[in-house]
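Scroll down for the structure; my scribbles are underneath it.
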Amino acid sequence: MTKVKLILKGLHDNHYKEDGSYLIDPLTSSVTLIQTEKNNILVDTGTPNFKEKILENLAKEGLKAENIDYLILTHNHLDHCFNAHLFPRALIYTQIAFWHWQDANCHIFPKGISSDVVPGITLLHTPGHSKDSLSVFVKDAKEKKWLIAGDAVSLHYLENGSLRNRVGEEGVRSIRKILDLNPDYIVPGHGEVFTKTEIDKLREFVR
Ligand SMILES: [Zn+2]
């Protein structure tokens, strides 16, 4: 009975300042819990400011940090992987060992191939936003298909003309790969979960 639940919505509010710099506040990745009969899996871990909120929301699901068996890091940008240290038992799946995971088990999955974390949970290489980007595909108990995309998919990519500038042709190919799986839901790294309307719009953009 696989269950997928958004534990934290990803946030990424840009504030452009007069001196040409910009501030991102609030900033965190989305954090998604996948529960299978045997395992608790967390996809991405958010930023330090949201640590308490993440643990609180896991507690509402009856889970403590030590109950998380696997962490999947969609990529090694700090807004996605910073809180990995909170989960002492978790085996980590990622594509690049960005830093030395001291005392951690880290499964670095070879580039360019699909791989199952546990049966029914598949990793896809979806580069574009970053070289190491991966996405997670899973079907829930109601047969709904979820694609947890990290920053391979973003609401900002739906702004006119911005998609190719932001992710290049490689990123467009990754989005096509994601859409080929016909997901019912896409969890982007930041922002609301995509449902049919946004998914159809995304499909238009990568045609
Ligand atoms: Zn991000």
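Just so you know, all these numbers are worked out from the coordinates, no wet-lab data involved. These numbers were taken from a predicted model, which means no experiment stands behind them. A quick note on method: Cβ atoms are made from the backbone with ideal geometry, for glycine too, and the neighbour counts reach across all protein chains shown.
So here's what we get for this one:
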read-out	value
Aspartates and glutamates with Cα under 15 Å of residue 131, excluding same-chain neighbours fewer than 8 positions away	151, 169, 170
Convex hull of Cα atoms in the chain, direction-averaged projection (nm²)	11.8
Modelled FRET efficiency - R0 45 Å, residue 89 with residue 158, Cβ distances, 0.05 increments	0.75
Computed FRET value (nearest 0.05) for residue 195 with residue 67, which takes r as the C-beta separation and R₀ as 30 Å	0.55
Whole-Hz couplings from phi, Karplus 6.51/-1.76/1.60, listed for region 16-22; x for Gly and Pro	8, 9, 5, 7, x, 7, 9
Candidate lysines for bridging to residue 139, where Cα separation is under 18 Å - those fewer than 8 sequence places away on the same chain excluded	3, 5, 38, 177, 196
Sum of -39500 (n - 2.57) over DSSP H runs of 4+, divided by residues of the chain (222 nm, nearest 500)	-6000 deg cm²/dmol
Within the chain, longest stretch free of exposed GluC sites (Glu not before Pro) [DSSP loop, at most 16 other beta carbons within 10 Å]	62-142
Gaussian network model of the chain, Cα within-10 Å springs - most flexible of 197, 74, 36	197
Contour minus Cα-Cα distance for residue 37 and residue 21 (0.36 nm per residue)	1.0 nm
